[in-house]
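The values are calculated or read from the model by the stated rules, or taken from the named source; none is laboratory data. Remember, predicted model here, so these are calculated numbers, not experimental data. A quick note on method: Cβ atoms are made from the backbone with ideal geometry, for glycine too, and the neighbour counts reach across all protein chains shown. Please note that ligands, DNA and RNA were not included when accessible areas were found on the heavy atoms of the full protein model with its side chains. Shrake-Rupley method; radii C 1.70, N 1.55, O 1.52, S 1.80 Å.
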Amino acid sequence: MHVDFLPDIILGNIFSYLSLQDLRSSSLVCKRWYSILNDEDNDVWRLHCIHKLAEEVLSSDLLSSTPTYKTKLKAFHHAWNPEDCSRNIYIKPNGFTIHRNPVAQSTDAVRGKIGFSHGRHAWEVVWEGPLGTVAVVGIATKEATLQTHGYIALLGSDDQSWGWNLVDNHLLHNGDSQGNYPTLNNAPKYQVGERIRVILDCDDNTLAFERNYEFLGVAFRGLPEKLLYPSVSAVYGHTEVSMVYLEKFFS
């Protein structure tokens, strides 16, 4: 039987065995294939999620901001990089959450799998354990260090990283405080479990944050035209931090 006569359900089952790169190529073959693969919640993407993602994370509310199977899969491919983190950090089996081991006098960081140099991107960070004395959310280049002695604001300690310290509401870059953030009188401190949305605009070279869906304003301007990676740094033993990539969008 010619492939054109195969029912959509059979084509979908075949597509579920292809790599993501092959799926992108397949979507360009014809309008019918594009239509099937453009449905982000069909069996093609559901089966890929089942093959790639841990059952516990699919049934949890961690991915509640990624409503379709395709967006959940995209989030997984943008998650924390187990090959790009401090030796005192490991990625939990769910693929989205780091665990910092209780190592004294050490500050440890992690980067995401994929960096960005154009377009606008957003991801959510959830601190799921104690903050300790320093807990920083932001971005870093590949040149930024991932581990250092002592308890410091590692993310933002050099000219290759930019961060927001959730403990004291300070913005940090190149080892200096860039002021309080958000710029509100008596700004509330971060509470464990709140969702922070990080918004990186590589076209406008800015970094901004939302907390619990409230926009807090632009935190950094004049970012370099380099690959910039989602990043956090932590000091507290056994603390855990999850990151869920949301979407790439253009203005």
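Give me the 1.4 Å probe accessible area per residue for the chain, excluding ligands and nucleic acids, in Å².
Here the per-residue accessible area is 48 Å².
Between Val167 and Lys142, what is the label-point separation in nm under the 7 Å Cα-to-beta-carbon projection?
According to this spin-label approximation, the distance is 3.1 nm.
So, in nm, how far is label His118 from label Asp8 when the simple model puts each one 7 Å beyond its Cα toward the Cβ?
Between His118 and Asp8, the label points sit 3.4 nm apart.
Across the stretch 109-251, how many lysine pairs, 8 or more positions apart or on different chains, have C-alpha atoms separated by under 16 Å? Please give the number.
4
Could you go through the stretch 153-168 in sequence order and give the Karplus-derived ³J(HN,Hα) for each residue, using 6.51 cos²θ - 1.76 cosθ + 1.60 with θ = phi - 60°, rounded to whole Hz, and x for Gly and Pro?
Values per residue, Gly and Pro as x: 7, 4, 6, x, 7, 9, 7, 10, 8, 9, x, 10, 7, 6, 6, 10 Hz.
Just check the stretch 149-251 against the gyration tensor rule for me: Cα atoms, a ≥ b ≥ c as the square roots of the eigenvalues, rounded for a/c under 1.5, and otherwise prolate or oblate depending on whether a/b exceeds b/c.
Judged from the Cα gyration tensor, the stretch 149-251 comes out rounded (a/c under 1.5).
Name the residue from Thr141, Leu62, Leu200 whose Cα lies farthest towards the positive end of the charge dipole of the chain, charges +1 on Cβ of Lys and Arg and -1 on Cβ of Asp and Glu.
Farthest towards the positive pole: Thr141.
According to a simple spin-label model (label point 7 Å from Cα along Cα-to-Cβ), what is the distance in nm between Leu20 and Ser64?
2.5
Under 8 Å for C-alpha pairs, at least 6 residues apart: give me the relative contact order for the chain, rounded to a whole percent.
23
Run the helix sum for the chain: -39,500 (n - 2.57) per DSSP H stretch of 4+ residues, divided by residue count, reported at 222 nm to the nearest 500 deg cm²/dmol.
My calculation for the chain gives -5000 deg cm²/dmol from helical runs alone.
Whenever you get a sec, compute what percent of the accessible area on the stretch 106-146 sits on carbon and sulfur atoms (1.4 Å probe).
So the carbon and sulfur contribution to the accessible surface is 56 percent.
Give me the aspartates and glutamates in straight-line cross-link reach of Lys72: C-alpha distance below 15 Å, same-chain residues under 8 apart excluded.
Lys72 reaches Asp39, Glu40, Asp41, Asp43, Glu55, Glu56, Asp61, Glu124, Glu247.
Which order, highest average first, do 181-194, 110-123 follow once you tally other Cβ atoms within 10 Å for each residue and take the mean per peptide?
My ranking of the peptides, most packed first, is 110-123, 181-194.
In whole angstrom, note down how far apart the Cα centers of the stretch 16-75 and the stretch 113-147 are.
25
Could you size up the charge dipole of the chain around its Cα centre, putting +1 on the beta carbon of Lys and Arg and -1 on that of Asp and Glu, and report it in debye to the nearest 20?
200
Compare Leu146, Leu20, Leu62 in a GNM of the chain, Cα atoms joined below 10 Å, and give the one with the largest fluctuation.
Among Leu146, Leu20, Leu62, the largest GNM mean-square fluctuation belongs to Leu20.
Can you list which of the trypsin sites (Lys or Arg not before Pro) found in the stretch 209-251 are DSSP loop residues with at most 16 other C-beta atoms within 10 Å?
Sites meeting the loop and neighbour criteria: Lys226.
Rounded to the nearest 10 Å², what accessible area does Trp162 show when all protein chains are kept and the probe is 1.4 Å?
20
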